[in-house]
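Worksheet: the structure to be examined is printed underneath.
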Amino acid sequence: MLSAFSVTTNIKYSYPYYPLHFVILMTGETKTGTTTLAMVCKDGAVAGAERRATMGTMIAHKTTKKMFKIDDNLCLTTAGLVGDAQTLTRWLSVEASLYKMRKGAPMSVKAASTLMANILNNNRYFPYWVQLLICGVDLEGNHVYSLDAAGGAIPDKYVVTGSGSPYAYGVLEDQYKDDMTTNDGVDLAIRALTMAMRRDAACGDGIDVSIITKKGYRQLTDDEIKKRKEKMGLS
């Protein structure tokens, strides 16, 4: 993920005299790293992310949270500018809670993705510098949506974001199956994130993985992830 001061520019007056998004758009110079992923499984959805945040070539934080529980049926992963990602996470969490209070039922994955897409699109000329994944379960099934900074929302079976995505995508393209369970999905997520962390220096410092099913949202502990990695020979 990107810290505010990891942007370099040749503009005469750099941030904070110019808004950060203006600097990024004018120069195209960003230094950021992240790997997040989400996938649809037979009995739910699986999401994962690593924990490193960078400022250029410096590792700024080693315990960055990039995966968030929005509701018992919804998960959000974030890549991009940390402040923007945290703001949008809070926004979606509040909207999902209000929806549940008013309707007496959780927000669907499509509704959450559409809401966030509209928020992003309304700010497309002064954008939130993020790429988001929203995944979860609802009455219509299990879903994953990828959202870009301009408000594009695309459903898919699996999606990876960030600088480590080429390496993680290689694993998913080779091993993802339509009928895989969330248990198998967790192992695949761990394997894909581990490969990205081995080859992308901007990713690392641990893995977070969550399972979302009709029974609810559960994030694996570090010990559970460690045991799975040992079982797969990834230690």
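The values are calculated or read from the model by the stated rules, or taken from the named source; none is laboratory data. Since the structure is predicted, the reported quantities are computational estimates derived from the model, not experimental observations. Reconstructed Cβ throughout: ideal geometry from the backbone, glycine too, with neighbour counts over all protein chains shown.
Name the residue that is nearest to the chain's Cα centre (by Cα), counting only residues in the stretch 98-112 that are closer than 21 Å to residue 130 by Cβ and of a type in the set (Gly, Ala, Ser).
Here is the first cut: in the stretch 98-112, the residues closer than 21 Å to residue 130 by Cβ are 107, 109-112.
Next cut, of a type in the set (Gly, Ala, Ser) only: 111-112.
On the way: 111: 18, 112: 15 Å.
Looking at residues that are closer than 21 Å to residue 130 by Cβ and of a type in the set (Gly, Ala, Ser), I get 112.
Taken as a whole, the structure leaves residue 154 outside the set of residues that are out of contact with any Cys (no Cβ under 9 Å at 6 or more places or on another chain) and surrounded by 14 or more Cβ atoms within 10 Å (Cβ to Cβ). Note on the stretch 43-71: residues that are surrounded by fewer than 24 Cβ atoms within 10 Å (Cβ to Cβ), more than 18 Å from residue 90 (Cβ to Cβ) and out of contact with any Lys or Arg (no Cβ under 9 Å at 6 or more places or on another chain) total 1. Residue count for the stretch 75-108, restricted to those that are among the aliphatic types (A, V, I, L, M), exposed (fewer than 13 other Cβ atoms within 10 Å of the Cβ) and in a loop (DSSP other than H, G, I, E, B): 1. For the stretch 193-218, a residue qualifies if it is touching a residue at least 60 places away in the same chain (Cβ under 8 Å) and part of a helix (DSSP H, G or I), and the qualifying residues are 193, 196, 197.
Consider residue 69 carefully, then state whether it is assigned to a strand (DSSP E or B), at pLDDT 95 or above, closer than 27 Å to residue 179 by Cβ and among the charged types (D, E, K, R). It is true that residue 69 is assigned to a strand (DSSP E or B), at pLDDT 95 or above, closer than 27 Å to residue 179 by Cβ and among the charged types (D, E, K, R). Within the stretch 113-157, how many residues are in a strand (DSSP E or B), over 12 Å from the mean Cα position of the chain (by Cα) and on the phi < 0 side of the Ramachandran plot? Matching residues across the stretch 113-157 total 7. Taking the stretch 172-185 as the range and being outside any loop (DSSP other than H, G, I, E, B) and surrounded by fewer than 23 Cβ atoms within 10 Å (Cβ to Cβ) as the test, the residues that pass are 172, 173, 174, 175, 182, 183, 184.
Could you tell me which residue of the stretch 53-66 is modelled with the highest pLDDT, considering only residues that are closer than 22 Å to residue 39 by Cβ and in contact with a helix residue (DSSP H, G or I) (Cβ under 8 Å, 6 or more places away or on another chain)? The selected residue is 66.
Filter the stretch 107-143 for residues that are touching a residue at least 60 places away in the same chain (Cβ under 8 Å) and within 17 Å of residue 96 (Cβ to Cβ) and give the result. The answer is 133, 134, 135, 136, 137, 138, 143.
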